[in-house]
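Everything below concerns the one structure shown next.
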Ligand SMILES: [Zn+2]
């Protein structure tokens, strides 16, 4: 089953022939074809970026509102005291989710590197 789109096929670096995506040896010249891991490494890279972004947002929120009762400058002017809920929602919650996500992304990267 050949697709007219070359995107899911493997191009031989030696002769330029299109091969099935799961081919390990080129059908044209017999050269060894490197297993493509480009797509999965992009996925793990994206996971890492997203998790680090969530952690960054959580850290910003944490330092903005922690400790509870801290005087916060409101956007529209005026000041108020931060609450436990704000520290949790904007700080601790994204930090926890981000850390778990980062752990997941690291495990995915390790799995990609050593078990694929
Ligand atoms: Zn070839």
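Every number here is computed from the coordinates shown, using simple stated rules; none is lab data. None of the values given here were measured: they were computed from a predicted structure. Here the Cβ positions follow ideal geometry from the backbone for every residue, glycine too, while neighbour counts run over all protein chains shown.
Its alpha carbons considered, the stretch 10-116 gives a radius of gyration followed by a Dmax of 23.6, 74 Å. Helix 38-65 sits at what angle to the longest principal axis of the chain, using alpha carbons and giving 0 to 90 degrees rounded to 10? It is inclined by approximately 0 degrees. Length gained on full extension, residue 31 to residue 53, computed as 0.36 nm times the residue gap minus the Cα-Cα distance: 3.7 nm. Computed from the C-beta positions of residue 113 and residue 93, the FRET efficiency with R₀ = 25 Å rounds to 0.25. So how far apart, in nm, are the two label points at residue 9 and residue 43 if each is 7 Å from Cα heading toward Cβ? Modelled inter-label distance: 2.3 nm. Counting only alpha carbon atoms, the long axis of helix 93-114 and the longest principal axis of the chain meet at about 20°.
In whole percent, what relative contact order does the chain give with Cα contacts below 8 Å and a gap of six or more residues?
22 percent
Length gained on full extension, residue 18 to residue 66, computed as 0.36 nm times the residue gap minus the Cα-Cα distance: 11.5 nm.
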